[in-house]
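Scroll down for the structure; my scribbles are underneath it.
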Amino acid sequence: MDTLINLVNAAVLAGTPLLFGTLGEILTEKSGNLNLGVEGMMFMGALAGLAGVYLGESLFPGLSGFAIILLAIICSFACGAFGASIYSFLTVSLRANQNVTGLTLTIFGVGFANFFGEVLARSSSSGYVTISTNAKIAFGNANLLGLNSLPYIGKLFFSYNVLVYVGVILAVLLAVFFNRTRWGLNLRAVGEDPATADAAGINVGSYKHLATIIGGGICGIGGMYISMVTCSGVWVHNCVSGQGWISVALVIFATWSPTRALLGSLVFGSLSIMRLYVPLGIPMQIYDIFPYIATVLVLIFTSIRQSKEHSMPKHCGLNYFREER
């Protein structure tokens, strides 16, 4: 039982950055934009979150744990949103090809983060970038009202860091937004049939811009989680390491549903740490490809099912030309 609980606990922690990336891309695709630059935006968020805390602590020593977490979220969200705004301007305003623009954003984001990460490291007296012990404690596992001491239940539900709970709350809020609010229903209409939505008086361009930029900011928070939690507040070259691409596949696995993204991130998180808890006597490199094998299988089975209820928004990946309406 202890091994199973430890596995679930580790899977939740490993799947949280995937959850943020998936939620951000779901929000983007619901507007009809297929942004393949999730990897790049996560890289940008990873650097911005770490750099924001690192520089913030040097300018304002003694920041509280809450201020540190808030600063990291704001910086990573802003940088991810900046990358998404480039994509949004090119695809929505200039009507550039969405696939090519997304791939270009990935290349730009990876290069941007790795370059400025090395610049920041060289400017440090120690030769590498790391946050203070106080900041590491802030991003460590929380003790919610002492409930993590409860047998079994405590470790399963109340022993995670703050960002895990932020991700779960965000998934629930997005589900409510898509299904219970007028703005969410308008956004879904834009993704399904922008011409009809435009004829109904919905500002298609504004919805596409806002959804894409906010979605990119959420992806940036996922990258910040990697640099702050997974890498323990130390800048690591190529730290995101393909998790943005897995997040894109998870959108399909979750059938564009924020709540199902919770399950998907848990499944893929467990695959990424399985080698530590399920010894199968195979080379470690085989364990590393499990998430990517699952990604391919998800794409195959989803294409076979062809369910209209759980399919991609009809206009996703296509630019909207109002003149052709």
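The values are calculated or read from the model by the stated rules, or taken from the named source; none is laboratory data. As the structure is a computational prediction, the values presented were derived from the model and not from experiment. All Cβ positions, glycine included, derive from the backbone under ideal geometry; neighbour counts span all protein chains shown. Protein only, heavy atoms only, side chains kept; ligands, DNA and RNA dropped before computing areas. Shrake-Rupley method; radii C 1.70, N 1.55, O 1.52, S 1.80 Å.
Does Tyr165 count as closer than 27 Å to Met42 by Cβ, touching a residue at least 24 places away in the same chain (Cβ under 8 Å) and either assigned to a loop (DSSP other than H, G, I, E, B) or of a type outside the set (A, V, I, L, M) (or both)? Answer is no for this residue. Of the residues Phe43, Phe77, Phe66, Phe82, the single one that is within 12 Å of the chain's Cα centre (by Cα), surrounded by fewer than 24 Cβ atoms within 10 Å (Cβ to Cβ) and part of a helix (DSSP H, G or I) is Phe77.
Looking at Glu57, Glu118, just one residue is assigned to a helix (DSSP H, G or I) and open to solvent by 60 Å² or more (accessible area, probe 1.4 Å), and that residue is Glu118.
Filtered by the rule that a residue be crowded, with 18+ Cβ neighbours inside 10 Å and in contact (Cβ under 8 Å) with a residue 40 or more places away in the chain, region 149-162 gives Lys155, Ser159, Tyr160, Asn161, Val162.
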